[in-house]
Every structure is written in C-alpha cells, then in structure tokens.
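To keep things clear, I will list the structure first and then write my remarks on it.
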Amino acid sequence: MNSYTVNSASGVRGEIRVPGDKSISHRSIMFGSIASGVTRVTGFLRGEDALATLEAFRAMGVEVEDDGETLTIHGKGLRGLSEPTDLLDCGNSGTSMRLLTGLLAGQNFFSVLSGDKYLRARPMKRVVTPLALMGARILGRAGGEKAPLAIQGCQLKGIEYDSPISSAQVKSAILLAGLYAEGDTVVREPHLSRDHSERMLRHFGARVESFPGGVRLSGGAQLSGRDIAVPGDISSAAFFMVAALIVPGSELIIRGVGVNPTRTGVIDILKGMGGDLELLNPREESGEPVADLRVRSSKLKAMRICGELVPRAIDEFPAICVAAALAEGVTVIGDASELRVKETDRIAAMAANLRLAGVEVTETPDGMEITGQGSLKAAAFDSFGDHRIAMSMTVAALTAPGQSSVSDVDCIATSFPGFRELLAGVVVS
Ligand code: S3P
C-alpha cells in the first residue's frame, strides 16, 4: 500500500486536460462490442475500471485493437458474444459489474462476475431485482445481494420499472437487458441520473425515447458501429476545479471537459458557493456536450445541497466536501444516502478526514453538515481504498500549511492514472 506526501501550495496555475470520461469509456466498449461493424474510440480512459470492462469483452471473444491512441472494436452484433471460460473480474468497478449483469442476463450462455473486496461488499440487488422481473436467472452471495454473481442467460421480457433510486447503473443495466428482451422496456427514476447510455444507444441507432421521469427502449434494436470521441471526465476535472478555487492566487483552464447537464451538478454547486467558474467554447462531440472550463480562486460560502442536484453531482461529493470545509458558514448535504454505498462509505470517510484537518463535521444518515474554516490543518489522511477520497484529501492538503500525507493511493489508478503528475505540473509551491 503506497502513500505520498503533499505540501501546501501558493497557487494552481496553467492549462490542463483530464483523462477521458469513465462512464462513457465503459459504455463505448459495451455498445461497440454488441454493435455490428467497427467502432473507433479516441480519448478512452486507460484507468483500471474501464480496462476491466475491456478485458471482460475480450474474454467474450471481442477483438479490440489498441494503437495507444485509438481503440478499434470489431463489434460482434447483438448475439455474437461467446461464453467466457473463466469468471469476469470487474476489479473495483461497480459500473462494469452492474451494467454487465444486465447485458449478460440476456445472452445464451453462463457467466460469473466478481471483483475486489470493496466491490464484493457493494449492493447488487438493485440490479438483480429488476432483472429478475424481466425473467433473468442470477444467483449471488447473501441472496443475490453480493458478488460473485452467477448468471445463466435466458430469454427476457420487457418491463416497466419504477426505480426507487436515481442510479445510472441501475437504469443502464435494465436498458442493456432490454436490448435482448421481447417488447418495450421502460425505466422511471425519482430524479434523472446520467444519461450517457441513452445518448450512446441513440448514437448507435437504437430507438430510445426519453420522457419526463423516464426512458423507453424497444427490444431487438440492431446497433451499428460508430466513432466515439470520449470527452474529459468532469468527475476528474472536479478535483482541479476545487483546487483552483480554494488555493489563493490560482487560475486554471481545463480543456475538453464533458458538460452533459446530468453531470454538471458540481459546476452548479461550486458556482452557487460563489466560485468563479466559466464555461468556454461550448460544443458537441459524439452526442455529448463538451466545453473548456476556466476557474479562479474564490471566496466560497456555504450552501444547502439536496434533491435533484445530488444525482447530478454524485461522484463529486468528496471534492465538494473539501470546498465546503473552506467556505464561510455551514454546508448541509442531504438526500445523499447513496454516498454510503460507493467505493467506500464516503460520508464517514470524508467526515473522518476533515476532522483530522480541524473541521467540525456532523454526519447524518443521508448526508453531513460541514462548518467551514479559515484554513485546514496538515495531517495524515486515509483514502479508505477509495480513489476519490484519496484525490480529494490531496487537494485539501494543498491549503494546509506544512506537509500532509495520504495513505493507500494506488486506488487513484482506477479512474485517474497520472493524477499526481498532472497536479504537480500546475501547483505553484
Ligand atoms: C455511474 C453511475 C453512478 C456513479 C458511478 C458511475 C455510471 O453510480 O457513481 O461512478 O457510469 O453509470 P450509481 O448508478 O450507483 O449512482
């Protein structure tokens, strides 16, 4: 388990690009593999999570060439995958496991999904339950709640499902199964979660209708291979946005960031807290909105964060907590119990780390209250094996006079290989 030290900074300045969007990278492999013809993907995230998805499809007979810049996926068509000879290892990746569960439920073969100790502890019934309603045959530990999951593919039927949670992984698993089902599949959710699956399915030629509160897909659609340019991941950019906002004397440009409205909650929140954040050169690439971001140091104020903002910023809460720790007043986060079942319990992990930095934090079942401080204290922070906790506390440490450390930082490679080097390139010491 590697750790590193972080010194306080006197500015974050320059121009960067962040690696490709993780959600879109996963989906490019999945949809490209079950499309007919060739899909070329540029900007693919070479992080461990997306690479786990790539290896799973290779294990099901999909040929993927990689020249270091472009992935060329030779799609097998909807029914062309072959039975894997061993279990499919999803590593730390909830997206790989939950979306694959939906896709594998409709195949004509048997498969088993597993992952690391963190992933094996995460809830899976949220996908197993609706898939079972479609006729899927899935067994797992703890009555189907935990991986490994064993899936005997079979003929599925479309359902109308009212999801109790706003989760793109749940929605996407059902839509992937719906591609193989008889009839239409409808998913409704309390608030709209990220819609990359819907957008990419349309890009590949499927009939997908979004309506207020939900989405409808017709079974049996044939997908055609397409080119995909993966934009920079707003979830990775978020660490740099917060760094530039909280370290005085900063001005940072982040080029080519995906700004899909179902993902821009973090921009709305940071602007609501008084952050000087500007979107430049808005454009569209492969059906996804993209822009450059300019961020300047700002005096932040506390905010109440709940409701529809929560799914639109779900992965950015660790970084938002760091901004809240330096904002004037008490930031209240609610409706966010999903944070307790991420790669780690992110409410408990951020509360523990921020307290080490001298911040007053109260945990609630579905969120937390953070009393902002004028400055943070240097400390030995713990990643809890979670990439986003590790990167958030690295950013927090930039404002703490002296030297801090962050433990167990190898997990950063799941979503953001090169994070530390990219940060070192813009930090003014
Ligand atoms: C993701 C959906 C979100 C997010 C995860 C990626 C996706 O999870 O936290 O990092 O790619 O669909 P939930 O669906 O559990 O909210």
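The values are calculated or read from the model by the stated rules, or taken from the named source; none is laboratory data. Given the structure is predicted, the values throughout are model-derived calculations rather than measurements. Here the Cβ is made from the backbone with ideal geometry for all residues, glycine too, and neighbour counts use every protein chain on show. Protein only, heavy atoms only, side chains kept; ligands, DNA and RNA dropped before computing areas. Shrake-Rupley method; radii C 1.70, N 1.55, O 1.52, S 1.80 Å.
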#### Entry: Backbone HN-Hα couplings from phi across region 90-107 [Karplus 6.51/-1.76/1.60, Hz, Gly and Pro as x]
8, x, 9, 9, x, 5, 4, 5, 6, 5, 4, 4, x, 5, 6, 4, x, 7
### Task
Would you mind counting up the charge near residue 317? Only other residues with Cβ under 10 Å from its Cβ, with Lys and Arg at +1 and Asp and Glu at -1.
0
### Query
So who's got an amide H within less than 5 Å of the one on residue 191, skipping anything under 5 residues away but keeping other chains? H placed 1.01 Å off N, in plane.
166
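Would you mind putting 378-384, 132-138 in packing order, based on average other-beta-carbon counts within 10 Å, highest first? Let's see the in-between values first.
Values: 378-384: 21.4, 132-138: 18.3.
Ranked by mean Cβ neighbours within 10 Å, highest first: 378-384, 132-138.
What Kirkwood hydrodynamic radius, in Å, does region 224-368 give when the mean of 1/r is taken over all pairs of distinct Cα atoms and then inverted?
Computed over region 224-368, the radius equals 15.8 Å.
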### Query
Cα centroid distance between region 328-351 and region 201-254, in Å?
23 Å
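Output needed for region 368-429: three equivalent-ellipsoid semi-axes, defined as square roots of 5 times the C-alpha gyration tensor eigenvalues, in descending order, whole Å.
Working: eigenvalues 78, 49, 22 Å².
Those come to 20, 16, 10 Å.
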### Query
Using a 1.4 Å probe, what is the accessible area per residue for the chain, in Å²?
35 Å²
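Quote the relative contact order of region 22-229 in percent (integer), defining contacts as alpha-carbon pairs under 8 Å separated by 6+ residues.
Normalised by residue count, the contact order of region 22-229 is 21 percent.
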## Note on the structure
So, with points 7 Å from each Cα along the Cβ direction, the residue 38-residue 82 label distance in nm works out to 2.2 nm
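Relative contact order of region 355-429, please, whole-number percent, based on alpha carbon pairs below 8 angstrom and at least 6 residues apart.
Values: 95 pairs, mean separation 19.1, N = 75.
Result for region 355-429 is 25 percent.
Rg over Rh of region 328-402, using C-alpha atoms and the Kirkwood radius, what does it come to? Show your work: numbers first, answer last.
Working: Rg = 12.0 Å, Rh = 12.6 Å.
That ratio equals 0.95.
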### Task
Would you kindly compute the Cα radius of gyration of region 22-229 and its largest Cα-Cα separation (Dmax), both in Å?
15.4, 43
### Task
First obtain the Kirkwood hydrodynamic radius of region 73-141 from its Cα pairs, then insert it into the Stokes-Einstein equation at 25 °C and 0.890 mPa s, and state the resulting D in µm² per second as a whole number.
191 µm²/s
### Query
If one computes the Cα centroid of region 356-412 and of region 178-195, what distance in Å separates the two points?
37 Å
### Task
First measure r as the distance between the Cβ atoms of residue 294 and residue 221, then evaluate 1/(1 + (r/R0)^6) with R0 = 35 Å and state the FRET efficiency to the nearest 0.05.
0.30
### Hits among lysines - C-alpha to C-alpha of residue 377 under 23 Å, sequence gap 8 or more where chains match
299, 301
### Query
Hey, what number do you get for the chain at 222 nm if only DSSP H runs of n ≥ 4 count, each worth -39500 (n - 2.57), divided across all residues, to the nearest 500?
-9000 deg cm²/dmol
### For the chain, Kirkwood radius (reciprocal of mean inverse C-alpha pair distance, Å)
21.7 Å
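Residues with beta-carbon under 11 Å from that of residue 171, excluding residue 171: net charge, scoring Lys, Arg +1 and Asp, Glu -1?
On the way: positive: 98, 126, 188, 194; negative: 189, 195, 198.
Net of charged neighbours comes to +1.
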### Message
Taking amide H atoms as placed 1.01 Å from N in the peptide plane, list the residues 5 or more away in sequence, or in a different chain, whose amide H sits under 5 Å from that of residue 380.
### Response
405
### Query
Using θ = phi - 60° and the Karplus curve 6.51 cos²θ - 1.76 cosθ + 1.60, what whole-Hz ³J(HN,Hα) does each residue of region 6-14 get, with Gly and Pro shown as x?
9, 9, 5, 10, 10, x, 10, 9, x
### Query
Around residue 281, what is the net charge, scoring Lys/Arg as +1 and Asp/Glu as -1 over all other residues with Cβ under 10 Å from its Cβ?
+1
### Task
Output the peptides 287-295, 300-308 sorted from most to least packed, where packing is the average of other Cβ atoms within 10 Å over each peptide's residues.
287-295, 300-308
### Query
Between residue 161 and residues 5 or more places away or on another chain, which pairs have amide H atoms under 5 Å apart, with H built 1.01 Å from N, and which residues are they?
186, 187, 188
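Once R0 is set to 22 Å, what does the formula 1/(1 + (r/R0)^6) return for the Cβ-Cβ distance between residue 377 and residue 408, expressed as a FRET efficiency to the nearest 0.05? Before the final figure, lay out the partial values.
Values: r = 21 Å, r/R0 = 0.94.
Calculated transfer efficiency: 0.60.
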### Query
Under the Karplus relation 6.51 cos²θ - 1.76 cosθ + 1.60, θ = phi - 60°, what is the ordered set of whole-Hz ³J(HN,Hα) values for region 244-254, x standing for Gly and Pro?
5, 6, 8, 8, x, x, 9, 8, 9, 10, 10
### Task
For residue 171, list the lysines whose Cα falls under 18 Å from its own Cα; do not include residues on the same chain fewer than 8 positions away.
22, 125, 157, 342
#### Entry: Length added when fully stretched, residue 152-residue 280, from 0.36 nm per residue minus Cα-Cα
41.2 nm
